[in-house]
1. Tell me, which longest segment in chain B has none of the GluC sites (Glu not before Pro) that fall in DSSP loops with at most 11 further Cβ atoms within 10 Å?
2. Between A:R184 and A:E313, what is the label-to-label distance in nm when each label sits 7 Å out along the Cα-to-Cβ direction?
3. What's the longest piece of chain A with no exposed trypsin sites (Lys or Arg not before Pro), counting a site as exposed if DSSP puts it in a loop and it has at most 11 other beta carbons within 10 Å?
4. In region B:60-120, which trypsin sites (Lys or Arg not before Pro) are in a loop and have at most 12 other Cβ atoms within 10 Å, using DSSP for the loop call?
5. Classify region A:235-356 as rounded, prolate or oblate, taking a ≥ b ≥ c as the square roots of the eigenvalues of its Cα gyration tensor: rounded when a/c is under 1.5, otherwise prolate if a/b is larger than b/c and oblate if not.
6. At a Förster distance of 60 Å, what's the computed FRET efficiency of B:D177 paired with A:N63, Cβ-Cβ distance as r, to 0.05?
7. Would you kindly derive the ³J(HN,Hα) couplings of region B:282-287 from the backbone phi angles with the Karplus curve 6.51 cos²θ - 1.76 cosθ + 1.60 (θ = phi - 60°), listing them in order in whole Hz, with x for Gly and Pro?
8. Please go through region B:236-342 and write out the trypsin sites (Lys or Arg not before Pro) that DSSP classes as loop and that have at most 15 other C-beta atoms within 10 Å.
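The numbers here are math on the coordinates, done by the rules we state, and not lab data. Being a predicted model, the structure only gives us computed values, none of them experimental. Don't worry about glycine lacking a Cβ; one is built from the backbone with ideal geometry, like all the others, and counts go over all protein chains shown.
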Amino acid sequence: MTSYHGGCSVRSLDKEAIENLAVGAAILGTGGGGDPYLGKLTAIQALEEGYEINIVDIKDVPNDALVIPSAGMGSPTVIVEKLPRGTEIINAFKALSEYLGMEVYATMPIEAGGLNSTFPLAVGAKMGVPIVDADGMGRAFPELQMTTFHINGVTVTPMALADERDNIVLLKTCDNYWAEWIARDITVRFGGTAWIALYPMTGKELKKAAIPGTLGLAERLGRAIRDAKERRENPIEAVLEASNGFELFKGKIIDVERKTTGGFARGEIRIEGIEEYKGQSLVVHFQNENLVAIKDGKVIASVPDLITLLDLETAVPITTESVKYGYRCFVIGMPCSEMWRSEKGLEVAGPKYFGYDVEYKPIEKIVGEFE
Amino acid sequence: MTYRLGIDVGGTNTDAVILDKDNKPVAKIKVATTEDITTGILNALDGVLREASISLDEIEYAMLGTTHCTNAIVERRNLARVGIIRIGRPATLSIKPLISWPDDLVSAIGGHSFILQGGHEFDGRELAPLDEEELRRIVKELKEKKVESVAISAVFSPVNNEHELRAAEIVREVLGDVPISLSHEIGSIGLLERENAAVLNAAVVKVAKTAVKSFESALREKGIEAQVYITQNDGTLMSAEYALKYPVLTIASGPANSLRGGAFLSGLKNAIVVDVGGTTTDIGVLVNGFPRESSVAVEIGGVRTNFRMPDLISIGLGGGSLVEFVDGKVRVGPKSVGYRLEKEALVFGGDKLTATDIAVHLGRAKLGDPSKLSGLDRSLAEKAADKMKTMVEDAIDRMKTNPDPVPVILVGGGSILLPGELRGASQVIRPPHFEVANAIGAAIAQVSGEIDRVFSLEERGREDVLREAKEIAIQEAIKAGADPRTVEIVDVEEVPLAYLPGNAIRIRVKAAGYLKI
């Protein structure tokens, strides 16, 4: 294995590191993205079977090496029921690397937040390749083209989709939106889930198009919470320090409204301030993920920056599915990658793409103005 | 006259009541819960029979709510060696059974698991054919390993249960009369959580058998020939025979009994019930007279499961909670003297300041010897009382779905700690017999039947599917012993399955009715 990616230094993850990473990935999921739990278990099983999970730094990936991210797609209901066999993505990889005529050097997640953050760990372990400490979102988003790969001109296809029966589909499309569209249909034929290898790129492209260090960030976030709890300290401080984030609010959820307009499931969480925020109010607009936070009528954070609600006592992230009246929470904001802040980035994943009439402003600027 | 006996085992106390046929209590008692549980049940039985002047052959029904199974799982004691068969190959291999379980619990049940070819897709078609030959080989191996109980799960068995049923037949052919737990009969969608629920169920069959048998023989010894029922998580009854098959469904029956008892005693069907015990306070919500169910995965003994549990918040406040003053701040619980209250609390001559002492000092309760509290500062006592009130008020608020005030019913022996007014409550009700509401909840419980299945609306209308589901639930309730004339549908839930074609919909229906008297 070492000869395969010889020369570069890799870092091995143990069980505790994987647990931490999954906790951090839930925070980076910004209320959506699914539960990193299942992927975590595939990684832990891979370790128990004697495989190694190695993380490689993005700068150590050779420019001419082939890197292929891996993910699962489809209905969350099916993913929790028909658990993966484990060989699906490996088959997809083999098909794709055969097609490209190159060996795969490493894999990585397309999203560092939510369900898909943890699945690539076992994939890399079983293929004997490292996982690049990077991703294409720095958070979670709902669609295949909402990546920094996409805004930097990397194409979703050629991609390979596979199921547990050894069905493999190789897909090449005219653009990334068609890839999303056709892949969804194949997923249904497979029985509701597909395991995919996509966005193949060289090390050189990777360094331009990926967000570096996001797995490490997730792990640090998880470890910060674990350590703070062991020391019986407030975990929020630790989270903010590890993420360069900001405490936006502290309060009690007084109303959650969910509605479907124009085919979009949208919702609003109303939070009433407590303690030093008494008398103030915050509204968080969400779809799958938390997207815009408005404090006393003024926007204080918006997508693509990260907005996460954490339980006041346990610092466990509160998802948009489970959020309800009565929860007491911290609302934190974390800056997104600079790549999202470009014109192209905001076009793909800015507040307007999600249908909000909000001019994006970087969170650190807004917080500065507030203070 | 016919009577019914209700017994509920809590963490601190075991309570018993006898109700007449108009559901009026004719006798009630509270005794300490014992470590083996069964002795406490016998003590309660003795006590309540002594108090009631009735002829024993008039007791027609005996209902038991017990924590035997809960304790066995939490303490990893008396668990059966379980053979675990998952049907799902070639899928699911990347996450084997038990991978997320605590090590000590795995070793307590033996940890023998297998993944077999078979299972279904979300739309009911076969994922792969069931490999019967391989299954026979596995079962022989389980026989050699001397497993005492078998758990079977299959991919999408809530949609199509054929493979689980067929596998059970084959297991029975080889192993004979071994208890078999089928996942589709216990949990819902979510393979790992449902499988976990089935394995836990398989692990507690021995404990349940001991509990039920010793209850039955105790009754027989006293000359009571009553029909025995066991209460379950949704506040309804199971026959003793059914409880032996699905013992894991008793895990949260205690709080469920309190909720049902609170509803019965107050006459309210929609309210929040606060049950204050010796060490903890459970806060739950009544919706149409039944406990509101939790919508998220529930952890039991460190294992994620998805069977139906009441939605509860448990806080560390009870009659035995220790009260401490540190740096001008007051702390109440979660440490508690528990069942040693009558030895260790100040008011009973002990040396520990407890929540009960505060209540007595402020005149909320008359217990023990109040003169023993003369050294207690009144303003400190009020501070402690305020703290307890706030703890409960915050928990009540978290259980609400909106800020509107709702009626709050106080039950449990420890509810004397709380004042007659609470923030967020439209009224605070302390019904008669509040201290034994859980045993009353057990005694008045209904029998239920339910269905939780995924239906396709491709070829049938929604109305048609709903009608079938309701009919199945009603028949299940009647099968469990309900009087057909009293059976009602008490809960219907429809969940469309996202991102899937074919209009798949998951329907859960519950019906409940009174026992035939």
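1. Numbers: sites that count: B:E35, B:E421, B:E458, B:E459.
With GluC sites (Glu not before Pro) excluded where exposed in loops, chain B gives B:36-420 as its longest stretch.
2. For A:R184 paired with A:E313, the spin-label model returns 4.1 nm.
3. Details: sites that count: A:R231, A:R232, A:K278.
Within chain A, the longest run free of exposed trypsin sites (Lys or Arg not before Pro) spans A:1-230.
4. Working: sites: B:R76, B:R77, B:R81, B:R86; in loops: B:R76, B:R77, B:R81.
Sparse-neighbourhood loop trypsin sites (Lys or Arg not before Pro): B:R77.
5. oblate
6. On the way: r = 67 Å, r/R0 = 1.12.
Step by step, r from the Cβ atoms, then E = 0.35.
7. 9, 10, x, 10, 8, 10
8. Here the trypsin sites (Lys or Arg not before Pro) that fit, given the DSSP loop and packing criteria, are B:K269.
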